[in-house]
Amino acid sequence: MGVKNRMSGNEAVAHAIRQINPDVMPAFPITPSTEIPQFVSNMIANGEVDTEFIPVESEHSAMSAAMGSEAAGARTITATSSCGLALMWEVLYVAASSRLPLTMTVVNRGLTGPLNINAEHSDSMGARDSGWLQIYAENNQEVYDNLLQAYRIAEHKDVLLPIMICQDGFITSHAVENIELEEDEPIKAFVGKYEPEHYLLKAGETMAMGPYATSPYCMEAKRAQAQAMMNAKKVILDVAEEYAAITGRKYGFFEEYRLKDAAFALVAIGSACGTIKDAVDDLRKHGVKAGLLKVRVFRPFPGEEMARALSHVKAVAIMDRCESYSCNGGPLGSELMAAMYRNKNKAEAINIVYGLSGRDITVNDVKDVFERLKTIAQEGVKDTQYTYLGLRE
Amino acid sequence: MENTFDFKEIQGREERLAPGHRMCAGCGGTIAVRNVLKALHPGDKAVIGNATGCLEVSTFMYPYTAYVDSYIHNAFENAGATLSGVETAYRVLKAQGKIKDNYKFITFGGDGGTYDIGLQSLSGAMERGHDMVYVCYDNGAYMNTGTQRSSATPMFADTTTTPSGKQSNGKPQYRKDLAAILAAHNIPYVGQTTFIGNMKDLYVKSEKAIYTQGAAFLNVMAPCPRGWRYDTPEIMNICKLAVETCYWPLFEVIGGKWILNYEPKNKLPIEDFLKSQGRFKHLFKPGNEYLIEAFQKEVDRRWEELRIRCGK
């Protein structure tokens, strides 16, 4: 049975960490994720968790110590945002290729510059090819639920990959909303104990991690890592099903909001989906067949499944809270359009960059996008490859 | 702590760096690692960390490892942080009763990975007081990538990024005094050593570093025959001359107290150390005597400073 409460996204993450009770947490302060290590430090100070906190001197060291700790056999977690994630970059790849199932809660914030502390997905999107699993949340409830499922996915023997649990900076991390929390005992039973097959400190065996490998070996290692990412798809769905049996809250790769009979759809990630849902509801009242596909899992990328879910739609706008400077749209736009093409999806598709550095997106902004989709459905795409929403002229 | 030194017993201990690795013949780094690991008491377990460098790429080339103990390499600049994570995990799992054995934590980095790119990670790990030893095998340049200068490179050395030439006398700057920087962290143990005689100094300091509770740092001058350009069998003479000229003094800082371990009766001129090494060949061209004088002056200044610190 869930317990109703109200709290911010960061508090929800801290609550989940208390229930998971990880062994080690190395972390470094950075807005807007700073509260998470603060909350955990308080729990440690009050004896509410057995976690050992490592107050590292940088995020590079946070990820390095996390890698060492997880390799030694301890369930490990860290938290970061923005430039902190960027500083970890090199070690993200080491952790993933070492097949270490550690967890990182990412509070999404734009990368500098200009220096800005607000919501944007450029930090974790930049790390999308680092070999980490990535799961995104619309609100505090989802980030809580996603984190509770994280270790079950990452530690699965067919996966063994690190995982990022992402939420939008401030909009989700600091806004207080209603939430349904689970009791400790069923959650502890669901998460289970960490019992890796091999680790540095395992009795009766030694282990060497982080080899230099020559060309005859590297390619196979990378292919095996890609296989683990493919395997994760089934595991993510299995874990979600098990979680739903306990909590009643169901999750998949993505949420289809009034999408089944939609003629026009938006595809988006994160907190903006709440705004989009409001716009969809309004438009539906006026007879517009609007819908939303909200992406939850970005790595592994459920391209085929999303293309199928959009197969009946006349026109779709793929929304990126991230500029990738490729001149070919944002990361979600580029990847989803490629998947739609491969799956012979006939919908007209546009890519829109919005909400950079915390720029608000309103219900009216979203309605304007649906208006564009109606025109595009009749006349085809006449715009450039991708456009911006809410840009000041 | 009482340190006994039974040469035969110690050399008879199991090799914890197995033969068959790919390090160069006569490599000082290998000598450092073998001898530091000999200071682990038989029966004690260890996790060995390693910064990227010659040592890592030559001793753990997939699918072979030369390490008898568990080993972890992460990247170039984060050996300190990585082992701090391992050590923390050990304390947590030990407290939970999941681990019964006693482990020691020793990480090796070259001077590039320690003095330069890994300095922050090292400083953080030492300041936090993890029960671990960081061993720098200092060969005075980025040898793995082909002898580029580091902040450990001695002044005037000819390296591939400070080549001597018509307009250059080699590296323009004096070397960084890393042992003093680590001593300023007020950690329980700092030692500086190299290969002398029957390796007693290296053994004794390694044992103290490993078995001192808390963070410890060991700086080991480890000549590189390729980068320094000397005749490989000369390594022990070069180390002896580094100490006898006071270029590389042997000292410890224990609980904040500076201890000079050796004072030469007759301090030799720095030329004696420089002349057998190809990297200093240009200093011996006629007209360059002033460079050697400058080198000597800096060695003298640092030696006097060290003596004062050690209460001499």
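Worth pointing out:
- Matching residues in the stretch A:298-335 - criterion: being free of Cβ contacts under 8 Å to residues at least 24 places away in the same chain and either polar (S, T, N, Q) or not in a loop (DSSP other than H, G, I, E, B) (or both): A:SER326, A:SER334
- Restricting attention to the stretch B:142-154 and to residues that are at negative phi and touching a helix residue (DSSP H, G or I) at 6+ places or on another chain (Cβ under 6 Å), the residue that is nearest to the other protein chains (Cβ to nearest Cβ) turns out to be B:ASN144.
- Selected residue [in contact with a strand residue (DSSP E or B) (Cβ under 8 Å, 6 or more places away or on another chain), touching a residue at least 60 places away in the same chain (Cβ under 8 Å) and within 21 Å of B:VAL92 (Cβ to Cβ)] from A:PRO22, A:PRO26: A:PRO22
- For the stretch A:200-222, the candidate set comprises residues that are of a type in the set (D, E, K, R) and more than 23 Å from the chain's Cα centre (by Cα); within that set, the residue that is surrounded by the most Cβ atoms within 10 Å (Cβ to Cβ) is A:LYS202.
- Taken over the stretch B:246-258, the criterion of being surrounded by fewer than 22 Cβ atoms within 10 Å (Cβ to Cβ) and more than 16 Å from B:ILE196 (Cβ to Cβ) is satisfied by B:ILE254, B:GLY255, B:GLY256, B:LYS257, B:TRP258.
- Candidates A:ALA338, A:ALA349: the one that is out of contact with any Pro (no Cβ under 9 Å at 6 or more places or on another chain), of a type outside the set (Phe, Trp, Tyr) and in a strand (DSSP E or B) is A:ALA349.
- Some residue of the stretch A:362-381 being crowded, with 19+ Cβ neighbours inside 10 Å, at pLDDT 95 or above, outside any helix (DSSP H, G or I) and outside the structural domain of A:PHE170 (by TED's automatic domain parsing): no
- Test result for A:LEU161, more than 10 Å from every other protein chain (Cβ to nearest Cβ) and assigned to a loop (DSSP other than H, G, I, E, B): yes
- Here the condition is being free of Cβ contacts under 8 Å to residues at least 60 places away in the same chain, closer than 21 Å to A:PRO302 by Cβ and among the acidic types (Asp, Glu); of A:ASP158, A:ASP145, A:ASP129, A:ASP123, it holds for A:ASP129 alone.
- Taken over the stretch A:1-26, the criterion of being aliphatic (A, V, I, L, M) and under 19 Å from the mean Cα position of the chain (by Cα) is satisfied by A:ALA12, A:VAL13, A:ALA14, A:ALA16, A:ILE17, A:ILE20.
- For the stretch A:188-211, the count of residues that are out of contact with any Leu (no Cβ under 6 Å at 6 or more places or on another chain), at pLDDT 95 or above, within 11 Å of chain B (Cβ to nearest Cβ) and part of a strand (DSSP E or B) is at least one.
- Checking each residue in the stretch A:22-46 for being hydrophobic (A, V, I, L, M, F, W, C) and part of a helix (DSSP H, G or I) picks out A:ILE36, A:PHE39, A:VAL40, A:MET43, A:ILE44, A:ALA45.
- So A:SER357, is it touching a residue at least 12 places away in the same chain (Cβ under 8 Å) and in a loop (DSSP other than H, G, I, E, B): no
- Restricting A:SER8, A:SER41, A:SER81 to those that are in contact with a strand residue (DSSP E or B) (Cβ under 6 Å, 6 or more places away or on another chain), in contact (Cβ under 8 Å) with a residue 60 or more places away in the chain and among the hydroxyl-bearing types (Ser, Thr, Tyr) reduces the list to A:SER81.
- Some residue of the stretch B:217-235 being of a type in the set (A, V, I, L, M, F, W, C), assigned to a loop (DSSP other than H, G, I, E, B) and in contact (Cβ under 8 Å) with a residue 24 or more places away in the chain: yes
- Within the span defined as the stretch B:274-289, one or more residues are out of contact with any Cys (no Cβ under 7 Å at 6 or more places or on another chain), touching a residue at least 60 places away in the same chain (Cβ under 8 Å) and outside any helix (DSSP H, G or I).
- Checking each residue in the stretch A:187-199 for being surrounded by fewer than 18 Cβ atoms within 10 Å (Cβ to Cβ) and either within 24 Å of the chain's Cα centre (by Cα) or among the hydrophobic types (A, V, I, L, M, F, W, C) (or both) picks out A:LYS188, A:ALA189, A:GLY192, A:LYS193.
- A:VAL49 meets all of the listed conditions (1) more than 8 Å from chain B (Cβ to nearest Cβ); (2) out of contact with any Pro (no Cβ under 9 Å at 6 or more places or on another chain); (3) part of a loop (DSSP other than H, G, I, E, B) but one, namely (2).
- Matching option when the condition is touching a residue at least 40 places away in the same chain (Cβ under 8 Å), closer than 18 Å to A:ALA228 by Cβ and in the same structural domain as A:VAL40 (by TED's automatic domain parsing), among A:ALA74, A:ALA96: A:ALA96
- The number of residues in the stretch A:58-100 being outside any loop (DSSP other than H, G, I, E, B), among the polar types (S, T, N, Q) and facing chain B (nearest Cβ under 9 Å) comes to 4.
- Given (1) more than 8 Å from every other protein chain (Cβ to nearest Cβ); (2) of a type outside the set (Gly, Ala, Ser); (3) in contact with a helix residue (DSSP H, G or I) (Cβ under 6 Å, 6 or more places away or on another chain); (4) not in a helix (DSSP H, G or I), index of the condition A:GLN19 fails: (4)
- Selected residue (criterion: farthest from B:ASP116 (Cα to Cα)) from residues of the stretch B:20-40 that are free of Cβ contacts under 8 Å to residues at least 40 places away in the same chain and not charged (D, E, K, R): B:MET23
- Annotation: of all residues in the stretch B:86-105 being within 26 Å of the chain's Cα centre (by Cα) and not polar (S, T, N, Q), the one that is nearest to the other protein chains (Cβ to nearest Cβ) is B:VAL86.
- Among the residues examined, A:GLY330 does not qualify as surrounded by 22 or more Cβ atoms within 10 Å (Cβ to Cβ) and at positive phi.
- Counted residues, the stretch A:101-112 - those being in a loop (DSSP other than H, G, I, E, B) and either surrounded by fewer than 24 Cβ atoms within 10 Å (Cβ to Cβ) or not hydrophobic (A, V, I, L, M, F, W, C) (or both): 5
- The number of residues in the stretch B:36-67 being at the interface with another protein chain (Cβ under 7 Å from one of its Cβ atoms), of a type in the set (Val, Ile, Thr) and in contact with a helix residue (DSSP H, G or I) (Cβ under 9 Å, 6 or more places away or on another chain) comes to 2.
The values are calculated or read from the model by the stated rules, or taken from the named source; none is laboratory data. The shown structure was predicted, so the numbers you read here are calculated from the model rather than taken from an experiment. Methodologically, a virtual Cβ is constructed for each residue, glycine included, from the backbone with ideal geometry; neighbour enumeration extends over all protein chains shown.
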